[in-house]
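K.L.:
Shown below is the structure under consideration.
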Amino acid sequence: MNTRHFSQLPKPYLAYPKVIQGLIFKKPKGEKVLPQVEYVVDSFKVDQKHLKAYNEVCGFKNNGYIPAIYLAVLSQSLQMHMMTTEAFPFAILGLVHIRNQIKQTRKVGVNEQLTLSCKFGELKPHDKGVQFDFITTAKVGNEVVMEGLTTYLARQKMDGSVAEKAKETKEPNYQVQAVWSVSENTGRRYAMTSGDFNLIHIHAVTAKAFGFKQAIAHGMWSKARVLASLNLADAYEADVFFKLPMYLPSTVEFLTAETGKTTDFLIRNQKSQKPHVSGIVKAI
């Protein structure tokens with residue numbers, strides 16, 4: 001495992017020229033292997049002005065603490081540079097974010113000194129291609145305060161066996177908690193704070209170039225919007241699956257079902273009732 005150290009978070013936009021090159025220069029065929037590398041930002045404090053802007057677009061309160069998902073968003077900058085700097089075997093613009101998991105072991109104050117690291121997980125078969133993870137860890141000193149797992153799907157034809165699909169389980173007894181009107185500019189507003197300027201999120205015109213009828217909301221914005229709407233424990237786990245695209249603008253329902261320390265949640269289209277995001281939050 002090679003480790004690359006950074007004195008500050010690299011800027012996501014610096015990786016974009018190489019992303020565009022991926023549209024021109026195709027990845028070589030053959031066996032796909034993920035780089036054995038870890039990127040580490042050795043010591044930093046969050047930019048409180050930036051955090052405030054993020055909180056406003058996602059619905060979090062400015063209460064002196066850092067949402068764990070914000071640290072996951074910061075790690076996406078490392079992910080972008082890992083995919084464009086290393087011998088990454090897939091076209092970045094073809095990747096689909098299908099799942100995200102975070103674990104917060106305690107509240108993290110906005111003035112705490114952090115170390116943020118990210119590395120690749122394993123390649124696994126998927127019925128629509130192959131999937132892989134980014135593993136993120138945030139520490140204060142030697143104490144792990146946040147862990148994250150970001151799962152992407154690389155679509156391709158598969159030969160042989162694929163991963164088993166999860167068994168169908170009984171749907172939770174969801175209750176509608178709120179109806180959200182998600183504005184057309186949500187993708188642009190979120191992009192300004194997250195650094196994720198993927199063209200499918202920015203405008204209907206650019207989204208159509210990639211086969212979408214309208215721009216679609218960022219999955220990580222949807223998850224953040226859910227977490228900002230719940231009464232979270234000081235220590236918790238949150239696991240979300242991204243389902244069908246949320247077109248912008250959109251009117252959606254936010255639903256929850258509570259069982260003990262676990263809250264199941266769902267975002268679905270108010271008119272069609274089709275799901276956009278589902279997952280669970282569990283106090284630990």
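The values are calculated or read from the model by the stated rules, or taken from the named source; none is laboratory data. Keep in mind that this is a model prediction, so the values were computed, not measured. Cβ placement follows ideal geometry from the backbone for every residue including glycine, while neighbour counts extend to all protein chains displayed. The accessibility values were calculated without ligands, DNA or RNA, using every heavy atom of the protein model including side chains. Shrake-Rupley method; radii C 1.70, N 1.55, O 1.52, S 1.80 Å.
K.L.:
Can residue 266 be described as surrounded by fewer than 17 Cβ atoms within 10 Å (Cβ to Cβ) and closer than 20 Å to residue 102 by Cβ?
P.N.:
Values: surrounded by fewer than 17 Cβ atoms within 10 Å (Cβ to Cβ): no; closer than 20 Å to residue 102 by Cβ: yes.
No, not satisfied.
K.L.:
Counting just the residues of the range 243-264 that are of a type outside the set (Ser, Thr, Tyr) and in a strand (DSSP E or B), which one comes out farthest from residue 186 (Cα to Cα)? Don't jump to the end; show me each part of the working.
P.N.:
Keep residues of the range 243-264 that are of a type outside the set (Ser, Thr, Tyr), which gives 243-246, 248-249, 252-255, 257-258, 260-261, 264.
Within this subset, residues satisfying the condition of being in a strand (DSSP E or B) are 252-255, 257-258, 264.
Numbers: 252: 14, 253: 16, 254: 17, 255: 21, 257: 27, 258: 29, 264: 25 Å.
Checked the range 243-264; the qualifying residue farthest from residue 186 (Cα to Cα) is 258.
K.L.:
Which pairs turn up if I take residues in the range 91-103 that are assigned to a strand (DSSP E or B) and look for partners that are modelled with pLDDT of 95 or more and hydroxyl-bearing (Ser, Thr, Tyr) with beta carbon separation below 6 Å, at least 6 apart in sequence or on another chain?
P.N.:
From residues that are assigned to a strand (DSSP E or B), the pairs are 95/152; 97/152; 98/151; 99/151; 100/150.
K.L.:
So which helices (runs of 4 or more DSSP H) stay within the range 121-231 end to end and still have 2 or more residues that are surrounded by 18 or more Cβ atoms within 10 Å (Cβ to Cβ)?
P.N.:
186-194, 199-202, 219-228
K.L.:
Let me ask another. Residues of the range 218-232 being touching a helix residue (DSSP H, G or I) at 6+ places or on another chain (Cβ under 9 Å) and of a type outside the set (A, V, I, L, M, F, W, C), which ones?
P.N.:
Hits for the range 218-232 are 218, 223, 225.
K.L.:
Moving on to the next point. If I ask for residues that are touching a Leu at 6+ places or on another chain (Cβ under 7 Å) and farther than 14 Å from residue 101 by Cβ, which ones from the range 140-152 would you list?
P.N.:
140
K.L.:
Moving on. Open to solvent by less than 30 Å² (accessible area, probe 1.4 Å) and over 20 Å from the mean Cα position of the chain (by Cα): which single residue out of 238, 257 fits that description?
P.N.:
257
K.L.:
Condition check: open to solvent by less than 10 Å² (accessible area, probe 1.4 Å), in contact with a helix residue (DSSP H, G or I) (Cβ under 8 Å, 6 or more places away or on another chain) and not hydroxyl-bearing (Ser, Thr, Tyr). Does residue 248 satisfy that? It would help to see each step written out before you state the result.
P.N.:
Working: open to solvent by less than 10 Å² (accessible area, probe 1.4 Å): yes; in contact with a helix residue (DSSP H, G or I) (Cβ under 8 Å, 6 or more places away or on another chain): yes; not hydroxyl-bearing (Ser, Thr, Tyr): yes.
Spelling it out, residue 248 is indeed open to solvent by less than 10 Å² (accessible area, probe 1.4 Å), in contact with a helix residue (DSSP H, G or I) (Cβ under 8 Å, 6 or more places away or on another chain) and not hydroxyl-bearing (Ser, Thr, Tyr).
K.L.:
Give the range 221-242 a look and list any residue that's farther than 17 Å from residue 269 by Cα and touching a Cys at 6+ places or on another chain (Cβ under 9 Å), or say none.
P.N.:
224, 227, 228 - these are the residues of the range 221-242 that are farther than 17 Å from residue 269 by Cα and touching a Cys at 6+ places or on another chain (Cβ under 9 Å).
K.L.:
State all residues of the range 79-94 that are under 18 Å from residue 219 (Cα atoms), among the hydrophobic types (A, V, I, L, M, F, W, C) and surrounded by 18 or more Cβ atoms within 10 Å (Cβ to Cβ); if no residue qualifies, say none. Spell out how you get there, then give the answer.
P.N.:
Taking the range 79-94 and keeping what is under 18 Å from residue 219 (Cα atoms), we get 79-80, 92-94.
Next, only the ones that are among the hydrophobic types (A, V, I, L, M, F, W, C) stay: 80, 92-93.
The answer is 80, 92.
K.L.:
What number of residues in the range 52-67 are open to solvent by less than 10 Å² (accessible area, probe 1.4 Å) and touching a Gly at 6+ places or on another chain (Cβ under 8 Å)?
P.N.:
Here is the first cut: in the range 52-67, the ones open to solvent by less than 10 Å² (accessible area, probe 1.4 Å) are 54-55, 58, 66.
Imposing the further condition that a residue be touching a Gly at 6+ places or on another chain (Cβ under 8 Å) reduces the set to 66.
Of the residues in the range 52-67, 1 are open to solvent by less than 10 Å² (accessible area, probe 1.4 Å) and touching a Gly at 6+ places or on another chain (Cβ under 8 Å).
K.L.:
Is it the case, given these coordinates, that residue 4 is free of Cβ contacts under 8 Å to residues at least 60 places away in the same chain, outside any helix (DSSP H, G or I) and open to solvent by 30 Å² or more (accessible area, probe 1.4 Å)?
P.N.:
Details: free of Cβ contacts under 8 Å to residues at least 60 places away in the same chain: yes; outside any helix (DSSP H, G or I): yes; open to solvent by 30 Å² or more (accessible area, probe 1.4 Å): yes.
Considered against the rule, which asks whether it is free of Cβ contacts under 8 Å to residues at least 60 places away in the same chain, outside any helix (DSSP H, G or I) and open to solvent by 30 Å² or more (accessible area, probe 1.4 Å), residue 4 comes out as yes.
K.L.:
Can you name every residue in the range 265-274 that is part of a strand (DSSP E or B) and more than 15 Å from residue 224 (Cα to Cα)?
P.N.:
Quick first cut of the range 265-274, residues part of a strand (DSSP E or B) only: 265-269.
Matches in the range 265-274: 268, 269.
K.L.:
Okay, next question. Just to verify a result, which residue in the range 28-51, among those that are within 22 Å of residue 120 (Cβ to Cβ) and out of contact with any strand residue (DSSP E or B) (no Cβ under 9 Å at 6 or more places or on another chain), is least open to solvent (accessible area, probe 1.4 Å)?
P.N.:
30
K.L.:
If residue 17 passes every condition in (1) over 19 Å from residue 223 (Cα atoms); (2) at pLDDT 95 or above but one, which one does it miss?
P.N.:
(2)
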